[in-house]
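The values are calculated or read from the model by the stated rules, or taken from the named source; none is laboratory data. Every value quoted in this text rests on a predicted model; they were computed, and no experiment measured them. Cβ atoms come from the backbone with ideal geometry, glycine included; neighbour counts cover every protein chain shown.
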Amino acid sequence: MSTLLSTPLAGALRTAASIALGTGLLCLAAAFPGAGQALAEDSFGPALSREASRPIAQPRFKSQDTRTRPSADKACPRSFTMGEAVRFAMEHNETLGASEAQMRASEEGRKAQRGYLGPKLGTTYSWLKQTRTTSVQNAQQPPSNGTFSWSLEVSQVLFDGFKNLGAYQKQALQAESDRASLRRSELETTGAVQEQFIDYLSRLELIHSQREAEARLQDQLKITKAFHDAGLKPKLDVLQAEVDLGKASQTLIASENQRDTTRARLNTLLGLPAQKPVQYQGGLRVAKFTGTLESCLERAYRLRPDLYVGCKAVEMAVKDRLLARSGYYPRVEAYYNITKTGNTPDLERGGSRSSRSTTWEVGARLSWDLFQWGTTYFADQQAGWLVAKMRSQMRQIILDAGYEVKSRFLALREADKRIAVAKASVASASEAYEAALGAYQAQVGTNFDVLDASRKLLTAQADLTAAKGDYLKALSKLYLAMGEYRPDLL
């Protein structure tokens, strides 16, 4: 048995690696004096809160087997308020489930990339059979049983131009970005559920107004027929009342269909079958929003997940440039290897011309691509321009976020003013209808005045319903624009 310990070789390689590394760093510092400023320049933009990347709901999966996930249909209650509907959607919406799976995959990818930073252990086992024909007398012949060999090696990358470190940091940034993306999806789902819920309640309120209008027209038709039978009113009044009643019935049918369609869409957002008979309860109760535009902008710049994702995209672009620049550096790797050989599968002697040996080896390897026709340089420049691209996109995202908050804030203020006007219009239209109906019954007004007043009353009621619905939807969109989770607006 022989033993080989290449410590002098390892010392020489470590010395060479130190010299090469020092030379490489000096060359890179001279060629790229701003290389160390890449991250410092990305400190522009708002100071984001960690809450912007924190998912809202609890984990939806216990394992990768999604079949073990509780069924939304079985867990569904018979009725929902807005807040209950949003919370149920947070747990059972399938789009959010997909986003969470992506987030978990990124986290596992981060852990996998972390493994490249540690030492690597590998082993090989082989068998080799040789036959030699030679004209030399008494030449040594290979072992009759062949040679069995087993080796075990532990290696550790000491320096690779920050390639593995940069890859790990990039994957960690991707995991953070996907967490923020999940929160953004949760907020968007909240907004979608609230918008459909508000539309559903608006349809209910509108249908109530339309049924009242239909009842008014039915009463007017009876009065008109009675006057016509008594010879007090012409047949034209009866026909006009019948036409208006028919139009009102058609409008009511269309509104009821839109109500059912909205309820089906609301079911799907909650992860339920469209045909599930679920009741959604509540009314269009409007609460005054007291926040200022400045406070809304301040919260948006701290809490919006898309700003967090944009910042992480810039940082990942910087890490991509770090990876591209790793080609400027040498790769230094230390290793320890043990190799055993023999003529039997258990590495012992056997057969003629047999032997066995054990070799230990420790050393270091250095490799460096000194010239590749500018491949690394141009890859570095490409990555640098992509960093500039991501920074410009991030600045635009910040500007768009400010615009979105202000537009939602103005829409909320507009709807608030419309509510006050619509309430006054409903009161006036109701009084006008009563006056027209009284005048017609007293034989001093016309049938057209009654029908016109009824139409205007319905229009005023519909405008009020629309204004309240628009206010609540604008409030929901404002919270979404601020990145704030508010499940219940009623």
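See the values below:
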| read-out | value |
| --- | --- |
| Qualifying residue in region 375-394 (condition: in contact with a Gly (Cβ under 6 Å, 6 or more places away or on another chain) and either within 30 Å of Ile338 (Cβ to Cβ) or buried (at least 17 other Cβ atoms within 10 Å of the Cβ) (or both)) | yes |
| Neighbours by Cβ (under 8 Å, 6+ apart or cross-chain): first from region 431-443, in contact (Cβ under 8 Å) with a residue 12 or more places away in the chain; second surrounded by fewer than 12 Cβ atoms within 10 Å (Cβ to Cβ) and outside any helix (DSSP H, G or I) | Gln443/Leu232 |
| Lone unmet requirement of (1) out of contact with any Phe, Trp or Tyr (no Cβ under 6 Å at 6 or more places or on another chain); (2) under 30 Å from Gly438 (Cα atoms); (3) modelled with pLDDT under 90; (4) surrounded by 13 or more Cβ atoms within 10 Å (Cβ to Cβ) for Leu217 | (3) |
| Output for region 430-461, where each listed residue is among the small types (Gly, Ala, Ser) and closer than 22 Å to Lys222 by Cβ | Ser430, Ala432, Ala435, Ala436, Gly438, Ala439, Ala442, Gly445, Ala453, Ser454 |
| Flag for Thr290 being among the polar types (S, T, N, Q) and without any contact (Cβ under 8 Å) to a residue 24 or more places away in the chain | yes |
| Among (1) farther than 30 Å from Ala432 by Cα; (2) assigned to a loop (DSSP other than H, G, I, E, B), the one test that Gly283 misses | (1) |
| Some residue of region 401-412 being among the β-branched types (Val, Ile, Thr), at pLDDT 90 or above and in contact with a strand residue (DSSP E or B) (Cβ under 7 Å, 6 or more places away or on another chain) | no |
| Selection within region 140-196 - part of a strand (DSSP E or B) and of a type in the set (Lys, Arg) | none |
| Qualifying residue in region 469-486 (condition: crowded, with 23+ Cβ neighbours inside 10 Å and polar (S, T, N, Q)) | yes |
